[in-house]
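Read the structure below first, then the notes.
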Amino acid sequence: MPVLTSNTGDTRTGEVIPMDRFRSNVSLSPLRQAEAYWNALRQDASVPRRSQIDPRGLENVLEYAFILERIAPGVARFRLAGQHLSLLAGMEVRGMPLTAFFTPSGRNEIGPVLEHVFDTPAVAELTLMGEPQRGKPMTEARMILLPLQSDLGDVSRALGVLVAEMPVAKVPFRFNVAASSFRSVNGAYPAPHQFADASDGLAEDRAPFDGNAPHLRLIKS
């Protein structure tokens, strides 16, 4: 059974969190479908190219899917994003950094995760917990990041999926990293237990979020 190792910093328990222990009804299926699609694009165990990604191949998970572009060490921005992410953010997320979905402490952890995805390269799978709210259960989420090559051949893009329980509180909604696991493109890879501190930027203006059916919006560079 796949597992996630705890990133809470408590080394006394050595807690291992099964990936199928998801309290809510949020399904892990979109993560598995995206990973299967990504694997199908690989040739000779290489990292797929961004140009190979066709939204039609992700039709069943488009509302949860996104494409990231690495713009600086530990920083990546959304090039494409599905409606589920816009609903969590309360706005169109295209052009925003991935860190916009994280608390200050969560941002210190997601930066090294991104570096690990791009530099190893590796697949990252995260368990996320929403900010505590008085009288309300914490929102739980799952995320997967799958490395991609740019047209230049460098690993500076990522296909991702984020599935979260829809919060009952006001948006935007932010998360902490509860646990993470990594798998190199060539096999298992141990997750780091310590996180360090976390330029081709996006110049496009943000498009208004109109609440229409799930889709990915193509941005031509």
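Please list log₁₀ I(q)/I(0) at q = 0.13, 0.16, 0.18 Å⁻¹ for the range 25-186, using the Debye equation with identical point scatterers on the alpha-carbon positions. With no solvent term, the Cα-only Debye profile gives -0.55, -0.85, -1.10.
Applying 0.36 nm per residue to the separation of ALA36 and SER105 and subtracting their alpha-carbon distance, the gain on full extension is 21.7 nm.
Extending 7 Å from Cα along the Cβ direction at ASP151 and again at SER29 yields two label points whose distance is 3.6 nm. Rounded to the nearest 20, the Cβ-based charge dipole of the range 119-165 about its Cα centre (Lys and Arg +1, Asp and Glu -1) stands at 260 debye.
Only sites in a loop by DSSP and with at most 14 other Cβ atoms within 10 Å count here; which trypsin sites (Lys or Arg not before Pro) in the range 41-115 make the cut? In loop regions of the range 41-115 (DSSP not H, G, I, E or B), the sparsely surrounded trypsin sites (Lys or Arg not before Pro) are ARG42. Available extension along the chain between ARG56 and GLN43 is 2.7 nm, counting 0.36 nm per residue and deducting the alpha carbon span.
Read-outs: derived from the displayed coordinates by stated rules, not from any lab. Remember, it's a predicted structure, so these values are computed and weren't measured experimentally. No Cβ is skipped: glycine too gets one built from the backbone with ideal geometry, and neighbour counts run over all protein chains shown.
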